[in-house]
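Working notes, beginning with the structure itself.
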Amino acid sequence: MRTVVDRPPASGERSWDLWTTTARVVVQSPDPRALDAAVAAVHRVTSAVDRACSRFRPDSELMARAADLDRGCTVSPLLADLMRTALGAAEATDGDVDPTLGAELISLGCDLDRRGAAHRPVAHGDGRRAASGLPRGSAERTPRWRDVELRGTRLRIPAGVVVDLGATAKAWTADRAAERAAAASGAAVLVSLGGDIATAGDGPAEGWQVLVQDTDEDPAQVVSLRSGWAVATSSTRRRRWEHDGTPVHHILDPRWGVPAAPLWRSVTVASATCVGANTWSTAAVVRGSRAVRDLSSRCLAARLVAADRTVIRTPLWPEDRGDARMP
């Protein structure tokens, strides 16, 4: 998802590559130093999160202390907060957003994709060979997230459980980074980490103008997001690769440990926090045909793009018109 922001001359923006996606910071302030202060704050947050929970660096706290975590040990407040957020998302979605799918992602080659090793990427085609065609075996996967124990800052991750916080940590980072950037700069701030967008500070009166579009082939809509709110998009068309001749994507159905059937090309949800938005956009992809009903029943503003590019909105998502303000 991309952002388009109408800015006065005194405002600015900066972007850089981060976590296989793009980080972007936009500020609105008459102070020319505000952008530097906001960007520095975002860098501090993203660096701290990376050191705490990245599966892709052996010196992160989560990886370096794996042996201690098998038995249970005291961890940093940051790692505890990130794990608490992930377990909270699992609880709220009845396990549809599961932080213990790391082993399944590795077996599907997600780590090879992240590290740039040899593999065949999948183009943004029509996806006729659905990921759900992968063999599922004779039994459903046993959920492991309930086996993770967290009491205060004491964490135990049983042997054999591989934690991947990708479904919630990026959204948590966007929330925290926007908050810290606004405080450091004294400006209205929008932070975008790929499909996760959070805002903070006294933003534009007309709202932040957000272009909701997952890929160039998808239908687009510009919405006005009021300051302090967030929006997140979960996609089955990005982070795709080929595994044993079958196209796969990174959002797994926890029941089977394989990519969720791509009924939806993308799901976008707006919420008071990016964690909340990302939790339910991810769960919607997993839930497939139940998603619209479930999102509507929770009074969530959501926009779902079906495999045939048909757009479905929940009642709180604005119609595609000139003044598409989020409620």
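The values are calculated or read from the model by the stated rules, or taken from the named source; none is laboratory data. Quantities reported herein were computed from a predicted structural model and do not represent experimental measurements. Heads up, the Cβs are rebuilt from the backbone with ideal geometry, glycines too, and the neighbour counts pull from every protein chain shown.
Of V285, V267, all but one fail to be part of a strand (DSSP E or B), under 30 Å from A103 (Cβ atoms) and among the β-branched types (V, I, T); the exception is V267. Out of A159, A167, A184, one residue alone is in contact (Cβ under 8 Å) with a residue 60 or more places away in the chain and surrounded by 24 or more Cβ atoms within 10 Å (Cβ to Cβ). It is A167. Being on the phi > 0 side of the Ramachandran plot, surrounded by fewer than 17 Cβ atoms within 10 Å (Cβ to Cβ) and modelled with pLDDT under 90 holds for only one residue in G288, G245, and it is G245. Which residue is surrounded by the most Cβ atoms within 10 Å (Cβ to Cβ), if the candidates are limited to the stretch 28-53 and must be of a type in the set (V, I, T) and closer than 18 Å to T85 by Cβ? Checked the stretch 28-53; the qualifying residue surrounded by the most Cβ atoms within 10 Å (Cβ to Cβ) is V49. Among the residues of the stretch 174-186, not a single one is closer than 21 Å to L82 by Cβ and in a loop (DSSP other than H, G, I, E, B). Starting from residues that are at pLDDT 85 or above and touching a Gly at 6+ places or on another chain (Cβ under 6 Å), keep the ones in the stretch 252-272 and report whichever is nearest to T310 (Cα to Cα). The qualifying residue nearest to T310 (Cα to Cα) is L263. Helices (runs of 4 or more DSSP H) fully within the stretch 7-74 that include at least 1 residues being under 18 Å from A198 (Cα atoms) and modelled with pLDDT of 95 or more: 34-53. For beta carbons closer than 8 Å, sequence separation of 6+ or different chains, a first residue in the stretch 33-44 that is among the small types (G, A, S) and a second that is surrounded by fewer than 21 Cβ atoms within 10 Å (Cβ to Cβ) and in a helix (DSSP H, G or I), the qualifying pairs are A37/A184; A38/A184; A40/A184; A41/R180; A41/A183; A41/A184.
For the stretch 75-152, the helices (runs of 4 or more DSSP H) that sit wholly inside it and include 2 or more residues that are at pLDDT below 65 are 110-115. Selection of first residues in the stretch 91-119 that are under 19 Å from T282 (Cα atoms) and surrounded by 17 or more Cβ atoms within 10 Å (Cβ to Cβ) and of second residues that are basic (K, R) and at pLDDT 85 or above, restricted to Cβ pairs under 7 Å at least 6 apart or on distinct chains, gives the following pairs, ordered by first then second residue: D96/R287; T100/R144; G102/R55.
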